[in-house]
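Following: one structure in structure tokens, then a few remarks.
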Amino acid sequence: MPLPQRLLRPVLLAACLAVPAGLVAARPFAAPVTAATAGPGRLAVARLQYEGGGDWYANPSSLPNLIRAIAERTSLPIERAEAKVTLTDSALFDFPFLHATGHGEMKFSEVEARRLREYLTRGGFLHVDDNYGLDESFRREIVKVFPDRPLVEVPTSHPIYHLVYEFPNGLPKVHEHDGKPAKGYGIFIGNRLALYYTYSADLGNGWEDVGTYPDPPAIHEQALRLGVNLFTYAATSRVQP
């Protein structure tokens with residue numbers, strides 16, 4: 001079973017020994033989290049390829065930039081290449097962190113919904129980033145996966161907002177579309193956050209190369225920092241006691 005949150009935080013912080021000077025540093029611990037202690041699966045980021053016609057491949061420079069930030073700012077032994085995976089892929093359970101984004105329609109078959117539920121229940125982590133237009137179909141499809149677990153707003157006290165970098169006000173806003181505030185929703189399995197949904201924030205756009213959008217570098221940095229928090233949590237939240 002996952003570590004309780006009160007015991008999880010020191011383990012999470014231990015993964016962040018390599019934060020460079022000038023950034024928000026973690027406390028020193030005897031050893032960083034390794035692939036052996038971070039639970040089953042490789043320490044890799046996988047982009048989720050889904051059906052329905054949505055552009056699951058959006059933001060092509062986002063994950064390479066996030067992976068580079070994780071490698072440079074933590075001691076987690078992350079694989080440097082972005083992977084791509086479907087919910088029926090035999091390699092699905094190898095990845096501790098799935099990322100899904102897009103502007104259009106997302107659709108899960110019954111088999112895919114069952115596989116995603118199994119993946120998340122067994123300790124996997126899914127980050128879904130609404131790239132403006134995914135919200136309606138994602139909310140419909142996630143009910144297939146967890147009809148018994150509604151999306152809830154993740155409190156700003158949760159470790160994803162504090163374990164490497166501090167986000168006292170929660171999810172940063174990257175792009176403005178219709179004036180709605182950025183919201184971070186989640187699905188919890190026990191005490192563990194298994195799915196994190198970023199809405200009206202465009203977090204993945206913030207990970208893209210500087211200059212892709214007319215955003216200041218400070219916004220890019222904030223987005224990357226939260227991404228580092230998310231991956232660190234995903235890679236270590238299923239550590240056994």
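The values are calculated or read from the model by the stated rules, or taken from the named source; none is laboratory data. Predicted model, so just to flag it, every value in this text is computed and none were measured. Note: ideal-geometry Cβ built from the backbone for every residue, glycine included; neighbour counts use all protein chains shown. Surface accessibility is based on the protein's heavy atoms, side chains included, excluding ligands, DNA and RNA. Shrake-Rupley method; radii C 1.70, N 1.55, O 1.52, S 1.80 Å.
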Criterion first (touching a residue at least 24 places away in the same chain (Cβ under 8 Å), surrounded by 18 or more Cβ atoms within 10 Å (Cβ to Cβ) and not in a strand (DSSP E or B)) does Leu126 satisfy it? no
Restricting the range 155-185 to residues that are open to solvent by 10 Å² or more (accessible area, probe 1.4 Å) and of a type in the set (Val, Ile, Thr), which is nearest to Pro214 (Cα to Cα)? Val174
Might you check whether a residue that is under 30 Å from Glu51 (Cβ atoms) and in contact with a helix residue (DSSP H, G or I) (Cβ under 6 Å, 6 or more places away or on another chain) occurs anywhere in the range 146-153? no
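When you check Val152 against the structure, is it over 30 Å from Thr74 (Cα atoms) and surrounded by fewer than 22 Cβ atoms within 10 Å (Cβ to Cβ), yes or no?
Details: over 30 Å from Thr74 (Cα atoms): no; surrounded by fewer than 22 Cβ atoms within 10 Å (Cβ to Cβ): yes.
No; evaluated as a whole, the condition is false for this residue.
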Taking into account only those residues within the range 74-97 that are open to solvent by 30 Å² or more (accessible area, probe 1.4 Å) and touching a Pro at 6+ places or on another chain (Cβ under 9 Å), which is farthest from Leu116 (Cα to Cα)? Ser75
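Which residue is most open to solvent (accessible area, probe 1.4 Å), if the candidates are limited to the range 98-120 and must be assigned to a helix (DSSP H, G or I) and touching a residue at least 60 places away in the same chain (Cβ under 8 Å)?
Here is the first cut: in the range 98-120, the residues assigned to a helix (DSSP H, G or I) are 110-120.
Among the residues that remain, those that are also touching a residue at least 60 places away in the same chain (Cβ under 8 Å) are: 112, 120.
Details: Glu112: 25, Leu120: 0 Å².
Filtering first and then ranking leaves Glu112.
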Candidate set: the range 187-219, residues that are within 15 Å of Asp135 (Cα to Cα) and among the polar types (S, T, N, Q); chosen: the one surrounded by the fewest Cβ atoms within 10 Å (Cβ to Cβ): Ser200
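Of all residues in the range 197-241 being among the acidic types (Asp, Glu) and assigned to a loop (DSSP other than H, G, I, E, B), which is farthest from Pro64 (Cα to Cα)? Even if it seems obvious, please write down each step before you answer.
Within the range 197-241, the first condition is being among the acidic types (Asp, Glu), and the residues that meet it are 202, 208-209, 215, 221.
With the extra rule that they be assigned to a loop (DSSP other than H, G, I, E, B), the set shrinks to 202, 208-209, 215.
Numbers: Asp202: 17, Glu208: 9, Asp209: 9, Asp215: 18 Å.
Only one residue fits best here, namely Asp215.
Could you please let me know if Phe125 is in contact with a Pro (Cβ under 8 Å, 6 or more places away or on another chain) and under 15 Å from Tyr185 (Cβ atoms)? If you could, list the steps in order and put the result at the bottom.
Working: in contact with a Pro (Cβ under 8 Å, 6 or more places away or on another chain): yes; under 15 Å from Tyr185 (Cβ atoms): yes.
Yes: the conditions hold for Phe125.
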